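Inspection log for the structure reproduced underneath, given as structure tokens.
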Amino acid sequence: MPNIYIPLLTRVKSVVKENKANDIKTIELEFQKEEDYKNFNYIPGQFAEISIIGKGECPIGIASSPTEEGTIKFTIKRMGTVTSVFHSREEGDVVGVRGPCGNGWPIEEMKGKNIVVIGGGFAFSTLRSLVLYLLDEKYRKDYGDITVIYGNRDPGEVLYQDVLEEWKKRDDIKVVLTIDREAEGWTEKVGFVAPIVKEVAPSADNAVAVVCGPPIMIKTTIAVLEELNFKDDQILNSLEMRMKCGVGKCGRCNIGNKYVCVDGPVFSLAELKKMPSEY
Amino acid sequence: MGIETDNQEIEKSMREVARNLLKEKEVDVIIGYSKGTFPLSTSPIMIKKEEEVDKLIWNNLCYVNLAKYLVPKIPQLLDPEGGDLKIGIVSKGCVGRALVHLAVEKQLNLENIKMIGIPCNGVVNRRRIEKDIGEKEVFEISASGNDLIVKGKDFEQKFPFDEYINELCKVCKVKSPPSVSEACIGECQEVPSIEDDFGDLSDYESKTTEEKWQEITDTLSVCTRCYACREACPMCYCNLCFVDQNKPIWFGKTTDMSDIVIFHLVRAMHMAGRCVACGACSSVCPMGIDLNKITRKLEKIVKERYDFTSGIDTEKLPPMMDFELEEAEEFMLEED
Amino acid sequence: MEEKLLMKDQIAKLYDELAKDYSFFAPIKEKGNIVFKKASNPEEIELDYFNSKVPPKEVLFPKMEVLFEYSLDEKDVEIKERTDLDEKRLIFGIRPCDAHSFVLLENFFDFGEFKDEIFLKKRENTTLIGMGCNSPKSTCFCTSLEGHPFQRDDLDVMLVDLGDKYLVESVTEKGKELVQKLSWLTEATKADVEKAQDLSIQAEESFQTHLDFSNVAKTLDPNFDHPIWEEISEICIGCGTCSFLCPTCTCFDVIDETDEYNNRGRRIRIWDTCQSCQYTLHTSGHNPRNSCIERCRNRILHKFSYYPTNYNLIGCVGCGRCVQLCPVNNDLRTIIEKINKIEDKKEEKISA
């Protein structure tokens, strides 16, 4: 029985600045042991507890897709004690990883459906993982139309610009980018995510909407999706909660009788409506 | 007279005052004590209706410092718009002191408060009684003359009241709330200054540093870090206690001796000039840790160095909130 | 007779023999409090006790526990796992309610995809020698939760205090083996066994608290936003004593403690409580449980609603510690009675 509290050791391969404000970075990790990497089987939407051994641990969604071989990536925003230390990591530094944790996006149930991916701001990281997975040549045919709507405060906050460029070039995915207010040099849409979703008006027919972002964005977007006839079980959310162990033992991430780290973080709106509103 | 009769009289007049306050709508809610669910207990209660007044009791097991419920504000004591309700509080001396001190620290407004003054004669040291009777269950505790009578299934024991109250109660000089504001009604007392020779500390002070350290660490060794002491203390109202901070992590939260001692000693330092010697911290501790020596010593130092006693004067600022250029600094600076 | 007798003056002999193979945990008096600690000699064992202040869960799930140790070196980290999980432990004198809590703890740590190896391995290597409760207190209510002061099911060996001696009964295979090793135990007589049975009945009849838990989970489910939670949590000061001294509470915090000067450290877990205002505080400042009302409610729901939903068990063993030790006497029994009345009030409204 492996000890669920022992992190696997990885080394930092690269650290990439993601935004102009320089408080979001993507850190790429390489497992020190080949077998650890082989056993780290994850699906998009899962997270891992990554640690700076000696400073602490935090739960971060996995930004890389399992189809990107060799390394795993995490996009980290500098907010607290541990995340600040992550931001000063350099190539070669050791990072501990425990996981994969959580249930992830239901990629099996999503097969054969049209996927609408709606993200706001920094919460786009597990959506990057999802879209890359869906677009991979092994899996693309299993899914219908893919629409990505991604909103940010301003152009400097848009993450993963390299990957977004790639997607825009393809004809089997529709990418709509938007920012809150007009900005110089910005040629794409302008407006909050919810009205843009209304404008794009993805069909609810045989579709699944995946929504990730700040609470207000989620609320307004869900209202629009309901107008577009998306049913509660067609809308998926990834929740954030304070976590410590990430494996359902320390108790603190519970919402009602569910633990977000084990039964989530992905919940459909139908499930959320049955749970007490303490999140 | 006897403890029992004293208490009954106090209870009667306390209920009268409470009834009037609710009747005349001078307060919206009264915070007091009610009968506990087993003999050695009482339970705080908040009542809003006149017909509930008879639930209020007074006896020598009223150990919680009710001032705790006022800071920080709890939803139950706010009106629907978020404004303060007018509150009546059953106040023994230390509760009154706590309210006055909280007002000095600008945490509450005495205008919204009516202290129903009570001449407290001490809180029974439950943990000491429990330790003395061993593992037996108490079925009844009563008073006869100046003795406490504790009855159980197959036993009955007498305890001299004056000996079995909390250590801090034995040397208490402010048995009723200080009549420093119009907030105080019922039984209050004038407190121009407190005369206290701190004679109870002479034993402790005669010990060597090693002996004192041994005594303190011994007492604290059974701490489980449950923080009942901190939560019961009306002066511990910080949004983020120093032990919970993590930028940086100042001290450990474990039950290692070093972590335990640091928590209690630093918390004691944060109480300097603020503690009102109510003893709630010791009364609520599940392990029976008695912090009275630390409390008293701090009180003595503050009195001697700054001539300050907490909770008896609405104008005087506590030493840690005040500074004068002429203050003595010999403990900090070397003489030239 | 299968049952044996252990004379009270033979405790030292029992200790001397068992302490060779086991870490012998027993009720010990520490500064006036009974706690389960490792006895270093038989004289420490306190035989005249009701129950420990701190539940025996701390033997297997201590207040502070090392998850792993590490040494830091320039650009390298070395992790050292625990190697002491095979230690054989024996808990002497554990009460049936606390022994039942071990069943709940084991179920919790074993549940789901992730198993807590640290706790489970220790549990596997622990033997329980329990003691029936001759004198339950008025605050005990194990019988309301399908428990019994003389319940043997969760023990390896059961002892009954007959006055000057203990009746010894093996319950499990592990227990049988242990008792067989103590070949010097005398045989019990029929009278001894009958006396034990009498004590059991007496103890059961002495219970003063009788609570009805049959509808609690059903009532709690739809009443998450009921105003009664404001009343129930009114006097709660949010200290955490109830969680710390509860035999079934398992929440913990994880901390990295580093000795910067020597480049080494340990990741530890310490007891934590959902009553703490920081328990669910996000780094962003958002706190889903912002006041005592939500936190108090969460604890009650966790034990009496979520536990039944997730594990088909009630997360309480009726030991009464929370009742005895709550600083403000926010009595759980009163809370359960109030909850049971919610449904009654609803029915009154319908019939009116």
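Of B:V100, A:V262, how do they rank once you tally other Cβ atoms within 10 Å and put the fewest first?
Working: B:V100 27, A:V262 21.
Result, fewest neighbours first: A:V262, B:V100.
Going by how many other Cβ atoms sit within 10 Å of their own, how do B:K92, A:K113 line up, fewest first?
Working: B:K92 31, A:K113 16.
The order, fewest Cβ neighbours first, is A:K113, B:K92.
Extension gain, B:K173-B:L333: 0.36 nm per intervening residue step, less the Cα-Cα distance, totals 54.2 nm. Taking a ≥ b ≥ c as the square roots of the eigenvalues of the alpha carbon gyration tensor, chain C is oblate, as a/c is not under 1.5 and a/b does not beat b/c.
Checking the cross-link filter: which aspartates and glutamates have an alpha carbon closer than 19 Å to that of B:K86, excluding same-chain neighbours under 8 positions apart? Straight-distance partners of B:K86: B:E16, B:E24, B:E26, B:D28, B:E50, B:E51, B:E52, B:E111, B:E182, C:E230, C:E231, C:E234.
Hey, how many Å between the Cα centroid of region C:55-78 and the Cα centroid of region C:87-139? Value for the Cα centre distance between the two parts: 21 Å. Among residues other than A:T187 with Cβ under 15 Å from its Cβ, the summed charge is -2 (Lys and Arg +1, Asp and Glu -1). The count of lysine pairs in region C:40-159 with alpha-carbon distances below 20 Å, taking only pairs 8 or more places apart or on different chains, stands at 15.
A simple spin-label model places pseudo-atoms 7 Å from Cα toward Cβ; at B:K300 and B:K151 they are separated by 4.2 nm.
Distance from the alpha carbon centroid of region B:21-92 to that of region A:262-279 works out to 38 angstrom. Pairs of Lys residues in region C:216-351 that lie 8 or more places apart, or on two chains, and have C-alpha atoms under 15 angstrom apart add up to 7.
By its C-alpha gyration tensor, with a ≥ b ≥ c as the square roots of the eigenvalues, how is region A:1-156 shaped: rounded for a/c under 1.5, else prolate for a/b larger than b/c, else oblate?
Working: a/c = 2.05, a/b = 1.27, b/c = 1.62.
Oblate is the answer for region A:1-156, as a/c is 1.5 or above yet b/c matches or exceeds a/b.
Starting with the highest mean, order C:295-301, C:308-314 by the number of other Cβ atoms within 10 Å, averaged over the residues of each peptide.
Details: C:295-301: 22.9, C:308-314: 15.6.
The densest-packed peptide leads the list: C:295-301, C:308-314.
Once C-alpha pairs closer than 8 Å and six or more residues apart are averaged by separation and normalised to the residue number of chain C, the relative contact order reads 20 percent.
Between B:E205 and B:E163, what FRET efficiency follows from the Cβ-Cβ distance if R0 is 25 Å, with the result rounded to 0.05? Walk me through the intermediate numbers first.
On the way: r = 22 Å, r/R0 = 0.87.
Calculated value: 0.70.
Here the spin labels are modelled as points 7 Å beyond Cα on the Cα-Cβ line, and at A:E68 and B:Y237 they lie 5.1 nm apart. Near A:K273, once Lys and Arg are set to +1 and Asp and Glu to -1 for all other residues with Cβ below 12 Å from its Cβ, the sum equals -2. Among C:P96, C:P227, C:P327, the residue with the largest mean-square fluctuation in a Gaussian network model of chain C, with springs joining Cα atoms closer than 10 Å, is C:P227.
Per residue of A:5-18, how many C-beta atoms from partner chains lie within 10 Å of its own C-beta, taken as a mean?
Values: counts 11, 8, 6, 1, 4, 0, 2, 1, 0, 0, 0, 0, 0, 0.
Per residue, the number of nearby Cβ atoms from other chains is 2 on average.
For the residues of C:135-141, the average number of beta carbons from a partner chain within 10 Å of their own beta carbon is 3. Mean partner shielding of peptide B:220-233, defined as the number of other chain Cβ atoms within 10 Å of each residue Cβ, is 6. Measuring r between the beta carbons of A:R153 and C:D259 and using R0 = 60 Å, the FRET efficiency lands at 0.90.
Less than 14 Å from a label point 7 Å out along the Cα-to-Cβ axis of A:D172: which backbone N atoms in region A:124-160 qualify, by residue? Residues A:131-147 qualify, since their backbone N sits under 14 Å from the label point.
Which of C:M7, B:M115, A:M241, B:M271 comes first, and how do the rest follow, when ranked by fewest Cβ neighbours within 10 Å?
Details: C:M7 13, B:M115 30, A:M241 19, B:M271 23.
Going from sparsest to densest Cβ surroundings: C:M7, A:M241, B:M271, B:M115.
Taking 4.7 Å between beta carbons as the limit, the unpaired Cys residues of chain B are B:C62, B:C120, B:C169, B:C172, B:C223, B:C226, B:C238, B:C241, B:C275, B:C285.
With Cα atoms defining each centre, region C:286-342 and region A:31-72 are spaced 37 Å apart in the structure.
Based on DSSP H runs of at least 4 residues, each adding -39500 (n - 2.57), what is the mean residue ellipticity at 222 nm of the protein assembly as shown after dividing by all its residues, to the nearest 500 deg cm²/dmol?
Working: 31 runs with 277 residues, N = 967.
Rounded to the nearest 500, the figure is -8000 deg cm²/dmol.
Consider a paramagnetic label point 7 Å from the Cα of B:D244 along Cα→Cβ; state which residues of region B:210-234 have an amide N under 16 Å from it. Within reach of a label on B:D244, which here means backbone N under 16 Å from a point 7 Å along Cα→Cβ, region B:210-234 contributes B:225-234.
Taking only C-alpha pairs under 8 Å that are 6+ residues apart, what is the relative contact order of chain B in percent?
Details: 531 pairs, mean separation 59.7, N = 336.
Result for chain B is 18 percent.
For chain A, modelled as a GNM whose springs connect Cα atoms under 10 angstrom apart, the maximal fluctuation among A:V97, A:V163, A:V193 occurs at A:V163. Fully extending the segment from B:E215 to B:D307, taken as 0.36 nm per residue of separation minus the present Cα-Cα distance, adds 30.4 nm.
Mind giving me the FRET efficiency for B:S258 and B:D132? R0 is 35 Å, r the Cβ-Cβ distance, nearest 0.05 is fine.
0.65
For B:V171, neighbours were defined as the other residues whose beta-carbon sits under 10 Å from its Cβ, and their charges (Lys and Arg +1, Asp and Glu -1) total -2. Note on region A:114-238: lysine pairs with Cα distance below 28 Å, sequence gap of 8 or more or different chains, count 23. When peptides B:67-78, A:30-41 are sorted by average Cβ neighbour count within 10 Å, with the highest value leading, the order is B:67-78, A:30-41. Overall, the anisotropy analysis places region B:78-186 in the prolate class: the square-rooted eigenvalues a ≥ b ≥ c of its C-alpha gyration tensor yield a/c not less than 1.5, with a/b exceeding b/c.
Of the residues C:G265, C:G238, C:G175, which exhibits the maximal mean-square fluctuation in a Gaussian network model of chain C defined by a 10 Å Cα contact cut-off? The residue with the greatest mean-square fluctuation here is C:G265. Annotation: aspartates and glutamates with alpha-carbon distance below 12 angstrom to C:K29 (same-chain offsets under eight excluded): B:E135, C:E43, C:E44, C:E46, C:D48.
Which of the pairs C:K4/C:K165; C:K37/C:K176; B:K12/B:K68 have their Cα atoms more than 20 Å apart in this structure? Walk me through the numbers before you get to the answer.
Working: C:K4/C:K165 10 Å; C:K37/C:K176 24 Å; B:K12/B:K68 24 Å.
In this structure, C:K37/C:K176; B:K12/B:K68 lie more than 20 Å apart at Cα.
The label-point distance for C:Q197 and B:N112, in a model that sets each label 7 Å from Cα toward Cβ, rounds to 6.5 nm.
Quick note: the coordinates plus some simple rules give every number you see, no bench work behind them. All figures in this text were calculated on a predicted structure; none of them were measured in a lab. As a convention, Cβ positions derive from the backbone with ideal geometry for all residues, glycine included, and neighbour counts pool all protein chains shown.
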